[in-house]
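To keep things clear, I will list the structure first and then write my remarks on it.
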Amino acid sequence: MSRVMSALIAGIAMFMMSGCSSDTKSGPFAEVAELYAKMSDNVVEMNTKIAEINSVKGGISESAQKAVGKLMKSTIEKNEALSEKAKALAEAMQGMAVEAGASEASGLQIDGGTVQRVLTNKSAARIILSIPYSGVPAEELLPCFLLDKDNVVLSRSISRVTGDNISMTLLISGSNEKDAKYNRKVIAKLTKIMIVSRQEYDSGKIFTAAPKAEGEADETVVADGEMVDGPDTTMGDMAGEGDVATVNGVKIAAGMPLVETLKKVGANLNWAYNEDYGLSVTVGNVWILIPDEQVTKKGMEIIDNYDGFDDLQFSLDYISPKAKIEEMQIQ
């Protein structure tokens, strides 16, 4: 094992043992969040400079074009280095214990959870939490608060009941200014997940007891500052267990025709490309990998010209009509 790799592993181990950075207000995800935030900063800085160059009257000179190319190359290289470090830290969290609980009004009993799975690509990490519970959930999609160490509500999110566990996804992305703000104000300070009632979610407050009627409860305000709501990681009506999921009433399973199935779903498709796992599409709570051989010639041209920063401009038109769902993960 190389000295560089040994040092990296040692660093990850120290991070995992400490549970947070030297900042006492930070949580266990702080270091990863800051790396993705820096990636966002780099993208914003690059786009700002390119916009300034493009705004020059009289057209863009040859030297300016070269400057843009050099800037893009430099940003890609910086972000690739940050991405590798962020991915290593995030993936090392698999199996890590996380603090989790439930409000009295939720009707559930929860005592902690774990990081069940981590999915990463060039510009984002999906950290999927598994939270065991007892009690009877009010619904399949459960609202929750993201709290800091002082029980201040940082943001709201949605989790999903899957059997005897509650599944929740933390999305840490590094693509724009909004990502940077969310990473620093929420993910970096996050220390606890709190499952709450729908009324608590809507009010931004945790009740001292289950409300007797609408608006009829003494309340304890856990936070009255700014809440930064993050990206929606649930998208649509979802259900799934094992290798079968249902999104917007449409069954999705391995072996089914890819194009036909996703057209029936009728929901937004989020396309992504990464050198590690190739082309993928996320719909609802289903993440589907698409092998190169299922992509048309035009589709491969789009992928080859993709810069890795902006949203991948892709569609089902670039997938072979004979393609079938081969590998998928239900989140």
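The values are calculated or read from the model by the stated rules, or taken from the named source; none is laboratory data. What you are looking at is a predicted structure, and each value in this text was computed from that prediction instead of being measured. Positions of Cβ are generated from backbone atoms using ideal geometry, with glycine treated the same way; all protein chains shown enter the neighbour counts. The accessibility values were calculated without ligands, DNA or RNA, using every heavy atom of the protein model including side chains. Shrake-Rupley method; radii C 1.70, N 1.55, O 1.52, S 1.80 Å.
Residues that are exposed (fewer than 14 other Cβ atoms within 10 Å of the Cβ), modelled with pLDDT of 90 or more and of a type in the set (S, T, N, Q) within segment 21-47 are absent altogether. Pairing each residue of segment 64-93 that is under 14 Å from Val43 (Cβ atoms) with any residue that is open to solvent by 20 Å² or more (accessible area, probe 1.4 Å) and of a type in the set (Ser, Thr, Tyr), provided the two are 6+ apart or on different chains, yields C-beta distances under 9 Å for Asn79/Ser123; Ser83/Ser123. Ile187 meets the conditions (1) β-branched (Val, Ile, Thr); (2) under 19 Å from Ala124 (Cα atoms); (3) surrounded by fewer than 21 Cβ atoms within 10 Å (Cβ to Cβ) in every case but one. The failed one is (3). Does Val56 count as open to solvent by 20 Å² or more (accessible area, probe 1.4 Å), part of a loop (DSSP other than H, G, I, E, B) and of a type in the set (A, V, I, L, M, F, W, C)? Here the answer is yes, as Val56 does meet what is asked. Exactly one residue among Ala124, Ala105 is closer than 30 Å to Trp271 by Cα, of a type outside the set (Val, Ile, Thr) and buried (at least 19 other Cβ atoms within 10 Å of the Cβ), and that residue is Ala124.
Does Asn165 meet the test of being surrounded by fewer than 18 Cβ atoms within 10 Å (Cβ to Cβ) and in contact (Cβ under 8 Å) with a residue 24 or more places away in the chain? Yes, satisfied. What number of residues within segment 253-278 are among the hydrophobic types (A, V, I, L, M, F, W, C) and either modelled with pLDDT of 90 or more or touching a His at 6+ places or on another chain (Cβ under 6 Å) (or both)? Qualifying residue count, segment 253-278: 4. Every listed requirement among (1) surrounded by 13 or more Cβ atoms within 10 Å (Cβ to Cβ); (2) modelled with pLDDT of 90 or more; (3) out of contact with any Leu (no Cβ under 9 Å at 6 or more places or on another chain) is met by Ala64 save one, (2). Listed here are the strands (runs of 3 or more DSSP E) enclosed by segment 256-296 that have at least 3 residues being open to solvent by 10 Å² or more (accessible area, probe 1.4 Å): 270-274. Consider segment 168-184 and keep the residues that are over 20 Å from Thr75 (Cα atoms) and not in a strand (DSSP E or B). The one that is least open to solvent (accessible area, probe 1.4 Å) is Tyr182. Lys87 falls short of the stated requirement of being open to solvent by 50 Å² or more (accessible area, probe 1.4 Å), out of contact with any Phe, Trp or Tyr (no Cβ under 7 Å at 6 or more places or on another chain), modelled with pLDDT of 70 or more and in a helix (DSSP H, G or I). Being closer than 22 Å to Ser197 by Cα, touching a strand residue (DSSP E or B) at 6+ places or on another chain (Cβ under 6 Å), of a type in the set (A, V, I, L, M) and open to solvent by less than 20 Å² (accessible area, probe 1.4 Å) holds for only one residue in Leu154, Leu141, and it is Leu154.
Screening Met93 with (1) of a type in the set (A, V, I, L, M, F, W, C); (2) open to solvent by 10 Å² or more (accessible area, probe 1.4 Å); (3) in a loop (DSSP other than H, G, I, E, B) gives one miss only, at (2). Residues to consider are Ser175, Ser159; find the one that is within 14 Å of the chain's Cα centre (by Cα) and touching a residue at least 60 places away in the same chain (Cβ under 8 Å). Answer to the check: Ser175. Among residues that are under 16 Å from Gly101 (Cβ atoms), among the charged types (D, E, K, R) and open to solvent by 20 Å² or more (accessible area, probe 1.4 Å), Arg198 is not included. Scanning segment 307-317 for residues that are open to solvent by 50 Å² or more (accessible area, probe 1.4 Å) and modelled with pLDDT of 80 or more yields Gln313, Asp317.
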